[in-house]
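**Student:** Pasting a structure below so you can have a look.
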There are 2 protein chains.
Amino acid sequence: MALLGADVRLTPHRREVFEVLASSTDHPTATDVFDRAKVRSPGISLATVYNCLEHLTSAGLIKQVHLERGQSRYCANLHEHVHFHCETCGKVIDAHPAADFDPAKFWNLPKGTKVTRMDIAIHGTCDACAQKDL
Amino acid sequence: MALLGADVRLTPHRREVFEVLASSTDHPTATDVFDRAKVRSPGISLATVYNCLEHLTSAGLIKQVHLERGQSRYCANLHEHVHFHCETCGKVIDAHPAADFDPAKFWNLPKGTKVTRMDIAIHGTCDACAQKDL
DNA sequence: ATTAGAATTAGAATGATTCTAATATCTCAT
DNA sequence: ATGAGATATTAGAATCATTCTAATTCTAAT
């Protein structure tokens with residue numbers, strides 16, 4: 001299977017890990033993925049989950065997200081998007097940019113700089129938590 | 001000393017850690033700060049450096065930056081800026097936004113969401129490394 | 001069927017950070 | 001100035017996420 005990057009042999013475990021992510025919208029961590037994958041692939045190990053996540057990431061099938069220190073999170077949403085992170089409940093929500101958004105032009109990067117990727121994380125309080133805090 | 005957040009008592013170690021950061025533009029990690037602080041404060045311990053970094057961060061005097069997994073980095077540049085991270089040499093460069101830039105309006109965040117902070121990391125290759133790769 | 005190259009595994013090792021419990025130091029009311 | 005209580009600092013242990021290692025199993029092409 002090749003989409004954006006190198007090929008990956010789609011072994012049963014890699015497929016399982018990919019499907020867990022494809023059916024999750026909550027940006028699970030490696031251990032979250034492990035717990036969910038075990039339901040249908042009881043023998044899978046955490047080491048294999050890490051290994052699968054790494055291969056799927058470098059093949060461009062999933063993305064690794066760093067929102068805060070601690071565990072990395074993963075997502076299978078390949079559309080350009082940013083992450084909203086609720087600092088109260090920890091929830092992560094994908095937000096999609098307006099059609100005419102061209103982020104690179106807003107910053108004065110040194111001449112010669114090549115951009116390959118942009119990580120945008122917006123931190124704050126989600127609607128539900130904002131209500132509670134009142 | 002109070003600037004943006006809670007007060008911090010500015011003890012000699014905290015001042016030293018702050019000054020190390022204020023005189024660095026390379027976004028040092030905790031151990032980098034530890035090494036530099038030892039020059040003038042030989043007795044300081046890594047635990048104290050972590051402690052100082054945490055207090056200074058929550059007082060709003062410095063910022064913690066997460067560009068990749070592994071060590072956190074810290075910076076004392078409180079102006080609004082984004083980080084360019086060279087994936088080849090690891091260098092981090094601050095880039096400042098155009099005056100009229102209002103990032104929040106570009107994303108459709110759910111109604112009721114409150115934004116407190118935005119982390120923007122641009123990954124790629126810096127000019128120097130791009131030259132070498134040719 | 002045979003075999004080289006991947007994939008998978010359990011468990012050990014690592015690296016960054018956080019915790020703990022014991023001093024040391026500071027601040028403030030006396 | 002003095003002593004009590006609060007805060008800061010320390011070394012080292014503990015934790016957590018991840019990566020590594022070495023052994024085993026699977027796969028796909030001869």
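**Student:** Treating only the Cβ of Lys, Arg, Asp and Glu as charged (+1, +1, -1, -1), what charge dipole size does segment A:12-75 show about its Cα centre? Round to the nearest 20 debye. Intermediate values should be presented prior to the final figure.
**Tutor:** Details: 8 positive and 7 negative charges, 20 e Å.
That gives a dipole near 100 debye.
**Student:** Provide the percentage of antiparallel DSSP beta bridges, counting only those with both residues in the protein assembly as shown; round to the nearest 5.
**Tutor:** Around 80 percent of the beta bridges assigned by DSSP in the protein assembly as shown are antiparallel ones.
**Student:** Under the classification rounded if a/c is under 1.5, otherwise prolate if a/b is larger than b/c and oblate if not, where does segment B:23-134 fall, given a ≥ b ≥ c as square roots of the Cα gyration tensor eigenvalues?
**Tutor:** oblate
**Student:** Here's something else I'd like to know. Residues of segment B:86-118 with backbone nitrogen within less than 20 Å of a virtual label 7 Å along the Cα-to-Cβ line of B:ALA128, please, listed as ranges.
**Tutor:** Once the point is set 7 Å along Cα→Cβ of B:ALA128, B:86-96 turn out to lie under 20 Å by backbone N, inside segment B:86-118.
**Student:** To continue, here is another question. Please name which of B:HIS96, B:GLY60, B:HIS123 has its Cα lying farthest along the dipole of segment B:10-134 towards the positive end, using unit charges on Cβ (Lys, Arg +1; Asp, Glu -1) and the Cα centre as origin.
**Tutor:** Going by the Cα projections, it comes out as B:GLY60.
**Student:** Another question about this same structure. Calculate the dipole size of segment A:82-133 relative to its Cα centre from +1 charges on Lys and Arg beta carbons and -1 charges on Asp and Glu beta carbons; express the result in debye to the nearest 20.
**Tutor:** Its charge dipole is roughly 320 debye.
**Student:** What's the average, rounded to a whole number, of partner chain beta-carbon atoms within 10 Å of each residue's beta-carbon in A:64-70?
**Tutor:** Per residue, the average neighbour count from other chains is 3.
**Student:** Here's something else I'd like to know. Which of the cysteines in chain B are isolated, no other cysteine C-beta under 4.7 Å?
**Tutor:** Unpaired cysteines in chain B: B:CYS52, B:CYS75, B:CYS89, B:CYS129.
**Student:** Pop a pseudo-label 7 angstrom from the Cα along the beta-carbon direction at both B:ASP100 and B:LYS38 and give the gap in nm to one decimal.
**Tutor:** Roughly 5.1 nm, to one decimal.
**Student:** One decimal, nm, shortest first: give the distances between the label point of A:PRO42 and those of the same position in the other copies, each label point 7 Å from Cα along Cα→Cβ.
**Tutor:** 6.3
**Student:** Another question, then. For chain B, what is the number of Lys pairs with C-alpha distance below 29 angstrom, counting only pairs 8 or more positions apart or on separate chains? Don't skip to the end; give the middle numbers.
**Tutor:** Details: B:LYS38/B:LYS63; B:LYS38/B:LYS91; B:LYS63/B:LYS91; B:LYS63/B:LYS105; B:LYS63/B:LYS111; B:LYS63/B:LYS114; B:LYS91/B:LYS132; B:LYS105/B:LYS114.
For chain B, the number of qualifying lysine pairs is 8.
**Student:** Placing +1 at every Lys and Arg Cβ and -1 at every Asp and Glu Cβ, with all other atoms neutral, what dipole size does chain B have around its Cα centre, in debye to the nearest 20?
**Tutor:** 420
**Student:** Which whole-number percent gives the relative contact order of segment A:12-75, counting Cα pairs below 8 Å spaced six or more residues apart?
**Tutor:** Values: 74 pairs, mean separation 25.3, N = 64.
That works out to 40 percent.
**Student:** Per residue of B:120-132, count partner chain C-beta atoms within 10 Å of its C-beta, then hand back the mean as an integer.
**Tutor:** Per residue, the number of nearby Cβ atoms from other chains is 5 on average.
**Student:** To continue, here is another question. Quick check on segment B:1-85: take the gyration tensor over C-alpha atoms, sort the square-rooted eigenvalues as a ≥ b ≥ c, and tell me if it's rounded (a/c under 1.5), prolate or oblate. It would help to have the intermediate numbers written out before the result.
**Tutor:** Working: a/c = 1.73, a/b = 1.14, b/c = 1.52.
Oblate is the answer for segment B:1-85, as a/c is 1.5 or above yet b/c matches or exceeds a/b.
**Student:** How crowded by other chains is B:73-86, given as the mean number of beta carbons from other chains within 10 Å of each beta carbon? Working shown, then result.
**Tutor:** Numbers: counts 0, 0, 0, 0, 0, 0, 0, 0, 1, 6, 1, 6, 2, 2.
Across B:73-86, the average partner-chain Cβ count within 10 Å equals 1.
**Student:** Related question: Any idea what the B:PRO12 label distances to the other copies are, label 7 Å down the Cα→Cβ vector, nm, shortest first?
**Tutor:** B:PRO12 label point versus its equivalents elsewhere: 6.5 nm.
**Student:** Please report, largest first and rounded to whole Å, the three semi-axes of the ellipsoid equivalent to the protein assembly as shown, where each semi-axis is the square root of five times an eigenvalue of the C-alpha gyration tensor.
**Tutor:** Numbers: eigenvalues 217, 101, 99 Å².
For the protein assembly as shown, the ellipsoid semi-axes come out as 33, 23, 22 Å.
**Student:** For segment A:82-133, just the Cα atoms, rotate onto the principal axes and tell me the three extents in Å, largest first.
**Tutor:** 47, 21, 16
**Student:** With the label 7 angstrom out along Cα to Cβ, how close does A:THR31 come to the same site in each of the other copies, in nm, nearest first?
**Tutor:** 2.4
**Student:** Take each uninterrupted DSSP H stretch in chain B, measure its Cα extent along the helix axis, and return the ones at 20 Å or beyond whose mean Kyte-Doolittle hydropathy is at least 1.6.
**Tutor:** None clear 20 Å together with a mean of 1.6.
Just so you know, all these numbers are worked out from the coordinates, no wet-lab data involved. This is a predicted model, so every value here is computed, not measured. Positions of Cβ are backbone-derived with ideal geometry, glycine not excepted, and every protein chain shown enters the neighbour counts.
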